[in-house]
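Comments concern the structure below.
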Amino acid sequence: MADELTGGCACGAVRYSVAGKPKYMGNCHCRDCQRATGSAYFPAVLVLANEFTQHSGEVTWYESKADSGETMQRAFCPHCGSPLFLRNTARTGGVVLYAGSLDDPGIYEPSRDIYTSSAQPWDVMHAHLPKFAQMP
């Protein structure tokens, strides 16, 4: 894996980079993440906030309350609608990237499935990943 990650939105208006390796990768199956991705789960890539740089474009933020009561701030491109990254006020030192927004999403290697209590019955999860009904 490269020492720098790069990514952006579908139309190219928003670009970002990360000067470091991901600290966590995992699949979140909560209903908020299902709605935000329009899919079965959110393939999440946690990076350090001080290693994340947004180089171009403006993002639009959508805020919602997490089950912890903290605020989830999800960034997406206002032009093409691509989900890009999020911030959680409970963990201000991190930025969570949508794996699909990476230039090389093939680097994504999930370590677990979380919020499996909300997983859809049609979602076929990786059999060897640890499963957690809620946030561990």
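Bear in mind these aren't lab numbers, they're just calculated from the coordinates by the rules spelled out. Predicted model only: the values in this text are computed from it and were never measured. All Cβ positions, glycine included, derive from the backbone under ideal geometry; neighbour counts span all protein chains shown.
Computed values, structure above
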{"quantity": "Options Ser111, Ala133, Ala49, ranked by Cα towards positive dipole end of the chain, top entry (Cβ charges)", "calculated": "Ala133"}
{"quantity": "Region 7-121: relative contact order as a whole-number percent, Cα under 8 Å and 6+ apart", "calculated": "34 percent"}
{"quantity": "FRET efficiency, His128 to Asp103 (Cβ-Cβ, R0 25 Å, nearest 0.05)", "calculated": "0.40"}
{"quantity": "Partner aspartates and glutamates for Lys21 [C-alpha distance under 15 Å; skip if fewer than 8 residues away on the same chain]", "calculated": "Asp3, Glu4, Glu51, Asp103, Asp104, Glu109"}
{"quantity": "Stretch gain in nm, segment Cys11-Arg31, where the contour uses 0.36 nm per residue and the Cα spacing is subtracted", "calculated": "4.5 nm"}
{"quantity": "Stretchable slack from Trp61 to Met135, in nm (0.36 nm times residue separation minus alpha-carbon distance)", "calculated": "24.3 nm"}
{"quantity": "Rounded if a/c under 1.5, otherwise prolate or oblate - region 1-85, Cα gyration tensor axes", "calculated": "oblate"}
{"quantity": "Ellipticity estimate at 222 nm from DSSP helix runs (n ≥ 4, -39,500 (n - 2.57)) divided over the chain, nearest 500", "calculated": "-1500 deg cm²/dmol"}
{"quantity": "The chain, dipole about Cα centre (Lys/Arg Cβ +1, Asp/Glu Cβ -1), debye to the nearest 20", "calculated": "280 debye"}
